[in-house]
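Structure first, commentary second.
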Amino acid sequence: MTEAPELLIKNLTKTYKNGVKALDAVSLAIPRGLYGLLGPNGAGKSTLMRTIATLQEPDSGSIQFGTLDVLRQKEEVRKVLGYLPQDFGVYPRVNAEEMLDHLALLKGIASGKERKEAVHALLHRVNLWEHRRKALTGFSGGMRQRFGIAQALLANPQLLIVDEPTAGLDPGERNRFYNLLAEIGENVVVILSTHIVQDVMELCTNMAIIHQGQVLFAGAPEAAVKSLAGKVWSREIQREQLDEYKARLHVISHKLVAGRPQLHVYAESEPEAGFAAVAPDLEDVFFANIAGLR
Ligand code: ADP
């Protein structure tokens with residue numbers, strides 16, 4: 001297989017009619033492999049992904065995939081594109097094999113023999129072979145997502161876009177899905193949007209943090225974590241103290257650890273007695289960026 005080219009996004013901007021600026025001069029260079037778009041709900045991830053998938057027009061900016069001008073050569077892009085939307089909600093009563101065969105026909109694989117080969121290979125690849133005769137309506141969340149990937153892979157894409165694919169999966173399903181994506185990412189550009197830090201931590205060699213339509217960080221997750229080293233401080237607090245701490249210090253996050261509120265704050269040196277330095281993780285990076293602390 002030839003190596004998938006790089007995806008270059010420059011100054012992409014989109015304001016919806018209601019005035020929401022969903023993309024604000026987004027520029028990213030996305031290499032082959034798994035690329036994580038991390039951001040809270042409403043950050044602009046779906047807008048960005050739909051735009052790359054040629055389903056939506058930006059107001060300005062450009063997208064280049066290898067030699068293709070994505071915003072102008074939509075038909076050519078669609079030939080090398082696989083897309084799993086957030087709301088992949090078609091679960092008719094037909095079984096997985098029939099549905100894939102039907103979708104393969106729509107993709108233009110005219111020969112019945114070729115279709116059968118392609119569909120069988122995909123069912124094995126996404127581990128749904130045993131369930132191929134089962135109606136899609138009876139599929140679990142994880143099986144649905146794996147079916148969604150199978151349909152996105154039908155045309156052997158060089159560019160695969162998956163929007164919030166792990167939402168609603170249980171830990172076992174999530175792991176199986178991770179393994180599948182990791183395997184696919186060896187050859188093609190895979191862009192994965194998520195609000196789940198763990199997805200990016202476990203899967204992605206490169207990532208961007210997006211918030212309010214802007215790129216706050218782009219690079220390797222380890223580099224992001226390293227940049228926070230020595231600057232994250234933690235202590236256990238009483239629930240009712242949270243507001244005081246928020247008023248006084250740069251609070252990154254607060255969460256329950258074994259039922260007790262644990263505060264993470266950002267500071268160049270020990271903020272107050274009682275705090276201990278902790279090794280930052282990607283979750284700290286995410287919340288510190290979103291909170292505008294970096
Ligand atoms: P994400 O995928 O990160 O949750 P979206 O791209 O879906 O973010 O949304 C970004 C922002 O744009 C949100 O404020 C959302 O409400 C708004 N938005 C998304 N789609 C539309 C639309 N079709 N019309 C108006 N506003 C929209």
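Just so you know, all these numbers are worked out from the coordinates, no wet-lab data involved. Note that this is a predicted model, so its numbers are computed, not measured. Counting neighbours? That spans all protein chains shown, and the Cβs are built from the backbone with ideal geometry, glycine included.
Annotations
- Once the gyration tensor of the Cα atoms in the stretch 230-278 is diagonalised, the equivalent ellipsoid follows with semi-axes of 16, 12, 9 Å, ordered largest first.
- CD proxy at 222 nm, helix term only [per DSSP H run n ≥ 4: -39500 (n - 2.57); per residue of the chain; nearest 500]: -9500 deg cm²/dmol
- When you filter the GluC sites (Glu not before Pro) in the stretch 187-258 for DSSP loop state and at most 10 other Cβ atoms inside 10 Å of their Cβ, nothing is left.
- As a rough footprinting exposure proxy, the listed residues Ile9, Ile252 were ranked by other beta carbons within 10 Å of their own, and the order from fewest upward is Ile9, Ile252.
- Under the criterion of Cα pairs below 8 Å and six or more residues apart, the relative contact order for the stretch 230-278 equals 54 percent.
- Sequence-distant aspartates and glutamates (8 or more away, or on other chains) whose Cα lies within less than 14 Å of Lys17: Glu57, Asp59
- Neighbour counting of Cβ atoms within 10 Å sorts the residues Glu283, Glu270, fewest neighbours leading, into Glu270, Glu283.
- Relative contact order of the stretch 1-47, defined on C-alpha pairs under 8 angstrom at six or more residues apart (%): 35 percent
- To the nearest ten degrees, helix 141-153 and the longest principal axis of the Cα atoms of the chain are 60 degrees apart.
- Highest GNM mean-square fluctuation among Leu55, Leu100, Leu256, for the chain modelled with Cα contacts below 10 Å: Leu256.
- Relative contact order computed over the chain (Cα-Cα under 8 Å; 6+ residues apart), in percent: 22 percent
- Projected area averaged over orientations for the stretch 7-219, convex hull of C-alpha atoms, nm²: 11.6 nm²
- The chain: most fluctuating residue of Asn206, Asn179, Asn18 per GNM, C-alpha cutoff 10 Å: Asn18
- Proxy reagent accessibility, fewest Cβ within 10 Å first, across Val80, Val285: Val80, Val285
- Diagonalising the gyration tensor over the Cα atoms of the stretch 156-220 and scaling each eigenvalue by 5 before taking the square root yields semi-axes of 19, 16, 11 Å, largest first.
- Out-of-range pairs (alpha-carbon distance over 22 Å; input Lys14/Lys45; Lys45/Lys107; Lys74/Lys107; Lys14/Lys74): Lys45/Lys107
- Taking a ≥ b ≥ c as the square roots of the eigenvalues of the Cα gyration tensor, the stretch 104-190 is classed as oblate, since a/c reaches at least 1.5 and a/b does not exceed b/c.
- Volume per residue of the C-alpha convex hull in the stretch 1-96, rounded to whole Å³: 148 Å³
- Per the Kirkwood formula applied to alpha carbons, the stretch 148-294 shows a radius of gyration over Rh ratio, Rg over Rh, of 1.05.
- In the chain, a dipole from Cβ-located charges (positive for Lys and Arg, negative for Asp and Glu) runs towards its positive end, and of Gly213, Ala96, Thr15 it is Ala96 whose Cα lies farthest in that direction.
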